[in-house]
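Participant: Would you mind keeping the following structure in view while I ask a few things?
The values are calculated or read from the model by the stated rules, or taken from the named source; none is laboratory data. The shown structure was predicted, so the numbers you read here are calculated from the model rather than taken from an experiment. Using ideal geometry, Cβ is built from the backbone for each residue, glycine included, and neighbour counts are taken over all protein chains shown. Heads up: the accessible areas ignore ligands, DNA and RNA and are worked out on the full protein's heavy atoms, side chains in. Shrake-Rupley method; radii C 1.70, N 1.55, O 1.52, S 1.80 Å.
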Amino acid sequence: MAGAIIENMSTKKLVILGVTLLLFQALAFMVGGLIEEGAVVTIDVGLAYRDDLFSEWTEMAHSFEHRNLNCNFTAEKTIENEGRYYVCDPLPFMEVGSVAHKYYLINIRLPVNERKKVNIGIGEIRDIRLVSIHQNGGFTQVWFAMKTFLTPSILIIMIWYWRRITLMTRPPVLLEKVIFALGISMTFINIPVEWFSVGFNWTWMLLFGDIRQGIFYSMLLSFWIIFCGEHLMDQMERNRFSVYWKQVGPIVFGSFCLFIFDMCERGVQLTNPFYSIWASDVGTELAMSFIIVAGICACLYFLFLCFMVFQVFRNISGKRTSLPAMSKARRLHYEGLIFRFKFLMLVTLTCAAMTIIFFIISQVNEGHWHWGDRTVQVNSAFFTGIYGMWNLYVFAIMFLYAPSHKRYGKEQSSGQSTSGEDIQLTTTITHVDGPTELYKMTGKEAQE
């Protein structure tokens, strides 16, 4: 009898066979937790709600979603490390515009279909962690209180401002119209519609909030361009909106592109809160591109605004040469106006810088869950601080640029004024009927 193979096989071949079997055994242990590169997980998710502990659950949404897994095994793939977990990047799950109900139920199922290769190659799911991002109670109370207080404040100053404009015999000029439009956009973003989300299931609140903020951004950026342009004093007739189409046009176009991008995600989420543009590779690249381009454009805008402010300051410095020829009282008066105007321009530039920083950080903060470990911490004080800064700035602009009925000096009260003692800080207001204090440096005739 020849005997069994184990008896006749050489020791060398037997060792090779034993090592091969051992490797296959190790592979059998690890294959359950092995995740393929570029694996896609399919989830069957549902969301339901109820308002007490005894009623039946009411389904709000149900969907089959696909998410790309990006997981790393932090240790070496050996038998000793069998049982360790993969570390996976966070996946976007869902966004809801309001939480008007008391209790919510999330149902997550991972269906497996080998024939259609559904959830094949994703390893063995041992643990699922859900990270919730929401406003806490303290911030919500502060936010609601600020909006409730600031809405009537801006509305009152806006009505007062426009009433003083309409009392004048001349029609309003471009800058006055733009200031009024800025007040309207600020009032629009201030309206505390969030109060209604407490009792109504308005799923469109996130989209509505983005639209309001986009309108305000567009109006604020356009206002700064026109505000600086109207004080350049470059002998151009600037009291027309068409003069600024080259500067304002890109702002409107960029805002429209951001609106379309927002609709691609927020719009779909009105019916499917589990949808996310970050779920696919193409959507992720598109979203990243939009955020990066928006940040670059915001920085370029700020540099252009700094250039315009520099031109304004240079022209104002040229106007100071007219001051020594004035009487002492008028010279001191105009020196005070120049100081006030320069200070207001610096405040404008500071407000613009903080707005640009807030915009960029908000975009990065919103997307950091989608692109890995790069995080930016933004606390509630930053949000409320920027929001309060916008309201104070708009309030100050409408108050300071409202027509003044006060006349300075005896020459003005008697209707006499020498053109040699008048200098100009703006190109728009030359009418004698109610100029503002900052406009009172009248007259291109001083240059002529």
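Residue-wise test of (1) under 30 Å from Gly385 (Cα atoms); (2) aliphatic (A, V, I, L, M).
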| position | (1), (2) |
| --- | --- |
| Arg84 | no, no |
| Met94 | yes, yes |
| Asn113 | no, no |
| Gly121 | no, no |
| Ser132 | yes, no |
| Thr140 | yes, no |
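Participant: Further question on the same structure: Within the group Leu105, Leu150, Leu130, which residue is surrounded by 13 or more Cβ atoms within 10 Å (Cβ to Cβ), of a type in the set (A, V, I, L, M, F, W, C) and not assigned by the TED database to the domain that holds Phe382?
Facilitator: Exactly one residue qualifies, and that residue is Leu105.
Participant: Let me ask something else. Find all pairs meeting these conditions: Cβ atoms under 9 angstrom apart; at least six residues apart or on different chains; first residue within the stretch 114-131 and within 16 Å of Phe93 (Cβ to Cβ); second residue surrounded by 10 or more Cβ atoms within 10 Å (Cβ to Cβ) and among the aromatic types (Phe, Trp, Tyr).
Facilitator: Close Cβ pairs (under 9 Å, with a partner that is surrounded by 10 or more Cβ atoms within 10 Å (Cβ to Cβ) and among the aromatic types (Phe, Trp, Tyr)) amount to Asp127/Tyr85; Leu130/Phe93; Val131/Phe93; Val131/Trp369.
Participant: Looking for whichever is assigned by the TED database to the domain that holds Val248, in contact (Cβ under 8 Å) with a residue 60 or more places away in the chain and either touching a helix residue (DSSP H, G or I) at 6+ places or on another chain (Cβ under 8 Å) or open to solvent by less than 40 Å² (accessible area, probe 1.4 Å) (or both) here; the options are Leu175, Leu155, Leu167. Which one fits?
Facilitator: The match here is Leu175.
Participant: In addition: Give the residue that is least open to solvent (accessible area, probe 1.4 Å), with candidates limited to residues of the stretch 265-300 that are without any contact (Cβ under 8 Å) to a residue 40 or more places away in the chain and over 18 Å from the mean Cα position of the chain (by Cα).
Facilitator: Here the answer is Gly283.
Participant: I need the full set of residues from the stretch 52-74 which are in a loop (DSSP other than H, G, I, E, B) and loosely packed, with under 11 Cβ neighbours inside 10 Å, in order please.
Facilitator: Result: Asp52, Leu53, Phe54, Ser55, Glu56, Thr74.
Participant: Just checking, how many residues over the stretch 149-198 are closer than 17 Å to Val394 by Cα and assigned to a helix (DSSP H, G or I)?
Facilitator: Number of matching residues: 34.
Participant: Restricted to the stretch 86-142, and to residues that are assigned to a loop (DSSP other than H, G, I, E, B) and of a type in the set (Phe, Trp, Tyr), which residue is nearest to Ala279 (Cα to Cα)?
Facilitator: Phe93
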